[in-house]
Each structure stands twice: as C-alpha cells, then as structure tokens.
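What follows is a short report on a single structure.
The values are calculated or read from the model by the stated rules, or taken from the named source; none is laboratory data. Everything numeric in this text was worked out from a predicted model, so none of it was measured. Don't worry about glycine lacking a Cβ; one is built from the backbone with ideal geometry, like all the others, and counts go over all protein chains shown.
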Amino acid sequence: MAIFLGIDGGGTKTSCVIGDETSLLGAGTSGGSNVIRVGERQARESLGAAIRQACAAANVNPAQIQRTCAGVAGGARPEIDELVRRMLSEFVSGQIEVVGDMVIAMEAAFGSGPGVIVIAGTGSIAYGRNSKGETARAGGWGFAISDEGSGHWIGRSAVAAAMRAYDKQPSETADLLLDSIMKAWSVDSREQLVLIANKSADFAALVPAVVFAAEAGDATARNVLTQAGTELATLAGIVISRLFGNAVAVPGTVSGGVFCNASLVRQVFYDRLRVEYPQALLSASLVDPARGALQLARKGVDRSIFDGSRLSAL
C-alpha cells in the first residue's frame with residue numbers, strides 16, 4: 001500500500017494529511033511553518049510536529065511515506081523550494097514536491113479544471129485557471145505592500161483605525177475595539193500597544209479580537225472587516241477579468257482562516273463579487289488546501305503548471 005503526505009504550510013497554522021491511494025488515514029496540525037514569516041527554526045519545528053501527529057493518527061511510520069507535496073507561500077521560488085525540501089527530508093522519506101499555497105488550494109477546489117480561488121489567511125491571494133490551462137494571480141506580494149484583506153491586513157488596519165479614533169476623541173477609557181486589541185496582545189496601555197505595533201507584531205493574531213468587537217457592534221471594527229471583504233472581492237475580480245472576460249459561468253470558491261472565522265468578511269466578499277461579476281458561481285463551502293496537497297502527492301505534481309508561458313505571474 002502506497003502512503004502519501006499532503007502539507008499546507010501557512011503563516012499561522014500547518015495542516016498535514018496522510019492517505020493511501022484512495023483514503024484519508026490521519027491528520028495533524030501545529031503552528032505556522034511559512035518560513036518567510038516565522039523563520040527556519042519555527043518552520044522546522046511546526047512541520048515536524050504536524051507530521052508526527054499525522055503519522056501517529058494514521059499509525060504510519062514516516063519512512064513509509066512514498067511522496068510528499070507541501071504547499072507554502074513562495075513555493076515557486078527556488079530558494080524557498082530548496083529550503084522546505086531540506087527541512088522535510090529530515091522527517092519523511094521518498095519524493096518531496098514543494099509548490100505555492102495557491103496551487104494546492106486550486107487542486108482541492110477544482111482538480112485540473114477551471115476556476116478562481118481566493119485565499120485569506122495570514123496573507124492573501126487570488127488565483128485562477130481557465131479552460132485553456134492559462135493561470136493568473138492577484139495580490140499575495142507580501143504584507144509590506146500587498147496581502148489585502150488578509151489576517152495581517154485586518155489586524156494592522158484595526159490598530160491604525162483604533163488609534164485614529166483615539167486621536168479624534170481622546171478618552172481615558174479604551175473603546176471596544178481598542179480594548180479588545182489590548183487584551184489580545186496582553187498590554188495595559190496604548191503606549192505599550194504602540195510599541196508592539198511598531199516592532200515585529202503578529203497582526204494576524206488580532207483577527208478574533210476584531211471579529212469580537214464587530215459582532216458586539218463596534219462600528220470601526222465592522223468597517224475594517226467590510227473593507228477586507230471588499231479588497232478580497234477586488235482581487236478575485238482582477239483574476240476573473242484576466243482569465244475569463246465575459247464568460248457565462250466562472251466557478252469560484254474561498255479558503256483560509258479569515259473566511260472561516262469572519263462571517264462579515266465572507267458575506268461582503270460574496271455580495272460584492274456577485275454584483276460586479278454575476279457570472280461567478282460561488283461555492284459556500286470552504287476549501288481545505290491540505291487535501292489538495294494530498295491529491296497532488298498521490299498523482300505527482302505536474303511541473304508544467306510552473307511554465308512561464310502558461311503562468312501569468314509567479
């Protein structure tokens with residue numbers, strides 16, 4: 001019996017699934033393993049923990065794994081590919097393939113067929129493929145200049161909006177959004193919050209606090225999440241326009257923690273996209289990219305998907 005491993009290495013969470021040719025045998029999760037965001041040491045620890053957990057659940061020895069496919073942000077870059085392969089080789093045997101996180105999400109959503117998927121986790125990206133096999137992307141250029149609507153974008157935007165609200169109407173008592181953010185970061189004052197925000201802050205960790213404030217009626221938090229949904233719909237629209245034009249029907253779906261945990265973002269995204277691109281046939285189900293990685297491991301990665309003549313942008 002052949003054993004395969006699929007990995008979704010995100011900035012906040014790593015998901016692993018193990019299966020044979022047809023069945024899912026076990027799964028494991030751990031912290032983030034996006035080496036660009038968390039560094040090589042944490043990425044290695046998270047990958048090892050998730051793989052060990054999945055192997056234990058499946059009652060599989062890592063040496064039995066014949067092929068692994070890992071989807072990570074920046075996986076199309078040679079230096080990331082090489083680094084992730086080297087780390088994975090410490091835990092598993094057999095063939096190892098590293099691809100972009102959007103590739104495994106597309107596989108989970110559409111297999112080899114056409115469609116558009118928007119991923120919003122710690123980062124964000126829209127990715128699509130048409131019936132000719134042509135691909136295109138929008139966003140996903142990193143948190144400093146892009147990743148619109150992502151967890152990082154939401155957290156940073158919420159802190160900025162909360163401080164702007166304080167500038168307009170200073171108060172000794174923090175409003176709901178600012179209070180939620182301070183609790184999430186375990187700080188007691190605005191001064192401490194500002195110091196953290198201007199260092200290497202984990203803005204994506206603030207998403208639950210922003211969602212809590214929005215659901216409790218905080219207008220500033222609701223505005224941030226509404227704008228996030230709008231930004232993500234814009235990314236999807238760019239890909240739809242480039243690949244499908246005025247096609248009658250365009251399959252579309254979403255993936256990632258932001259869509260999973262922020263219902264307002266999800267609703268705004270769907271509403272905006274349906275108005276501007278009525279040809280988009282949107283699925284209400286969220287895609288599990290790790291399942292796509294497992295499927296690619298089973299059949300082997302088609303390296304032609306990285307052919308520059310077919311890929312509009314890496």
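Being farther than 24 Å from Thr12 by Cα, surrounded by fewer than 24 Cβ atoms within 10 Å (Cβ to Cβ) and not small (Gly, Ala, Ser) narrows it down to one residue among Val239, Val248; which is it? Write out each step before concluding.
On the way: Val239 fails: surrounded by fewer than 24 Cβ atoms within 10 Å (Cβ to Cβ).
Just a single option satisfies the conditions, and that option is Val248.
Looking at region 94-106, can you tell me whether even one residue there is within 20 Å of Arg298 (Cβ to Cβ), in a strand (DSSP E or B) and of a type in the set (S, T, N, Q)?
Filtering region 94-106 down to residues within 20 Å of Arg298 (Cβ to Cβ) leaves 94-106.
Narrowing the set further to residues that are in a strand (DSSP E or B) leaves 95-100.
With the extra rule that they be of a type in the set (S, T, N, Q), the set shrinks to 95.
Scanning region 94-106 turns up at least one residue that is within 20 Å of Arg298 (Cβ to Cβ), in a strand (DSSP E or B) and of a type in the set (S, T, N, Q).
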If I go through region 229-270 residue by residue, how many of them are among the polar types (S, T, N, Q), more than 22 Å from Ala73 (Cα to Cα) and part of a helix (DSSP H, G or I)? 4
Restricting to region 272-287, what's the tally of residues that are more than 17 Å from Gly128 (Cα to Cα), over 21 Å from the mean Cα position of the chain (by Cα) and touching a residue at least 12 places away in the same chain (Cβ under 8 Å)? 1
If you scan region 140-167, which residues turn out to be under 17 Å from Gly11 (Cβ atoms), surrounded by fewer than 20 Cβ atoms within 10 Å (Cβ to Cβ), over 14 Å from the mean Cα position of the chain (by Cα) and not charged (D, E, K, R)? Ala144, Ile145
Looking at (1) surrounded by 15 or more Cβ atoms within 10 Å (Cβ to Cβ); (2) at positive phi; (3) in contact (Cβ under 8 Å) with a residue 60 or more places away in the chain, find the lone condition where Arg137 falls short. (2)
Return yes or no: is Ile305 of a type outside the set (S, T, N, Q), within 22 Å of the chain's Cα centre (by Cα) and modelled with pLDDT of 95 or more? no
If the requirement is being farther than 20 Å from Gln295 by Cα and of a type in the set (Asp, Glu), which of these qualifies: Glu107, Glu90? Glu90
Here the residues within region 1-17 that are within 20 Å of Asp147 (Cβ to Cβ) and buried (at least 24 other Cβ atoms within 10 Å of the Cβ) are Asp8, Gly9, Gly10, Gly11, Thr14
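Among the listed residues Gly28, Gly100, Gly39, Gly75, identify the single one that is modelled with pLDDT under 95 and within 26 Å of Pro208 (Cα to Cα). Talk me through it step by step, then tell me what you get.
Details: Gly28 fails: modelled with pLDDT under 95; Gly100 fails: within 26 Å of Pro208 (Cα to Cα); Gly75 fails: within 26 Å of Pro208 (Cα to Cα).
Result of the check over Gly28, Gly100, Gly39, Gly75: Gly39.
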Which numbered condition in (1) touching a residue at least 60 places away in the same chain (Cβ under 8 Å); (2) more than 15 Å from the chain's Cα centre (by Cα); (3) in a loop (DSSP other than H, G, I, E, B) is the only one that Ser171 fails? (1)
Say whether the condition of being buried (at least 19 other Cβ atoms within 10 Å of the Cβ) and closer than 20 Å to Glu82 by Cβ is met by at least one residue in region 52-64. no
Of the residues that sit in region 42-72 and are modelled with pLDDT under 95 and part of a helix (DSSP H, G or I), which one is nearest to His152 (Cα to Cα)? Pro62
Among the residues listed as Ala57, Ala27, the single one being in contact with a Cys (Cβ under 9 Å, 6 or more places away or on another chain) and more than 25 Å from Tyr127 (Cα to Cα): Ala27
For Gln42, work out the one condition from (1) in contact with a Lys or Arg (Cβ under 6 Å, 6 or more places away or on another chain); (2) closer than 29 Å to Ala144 by Cβ; (3) of a type in the set (S, T, N, Q) it doesn't fulfil. (1)
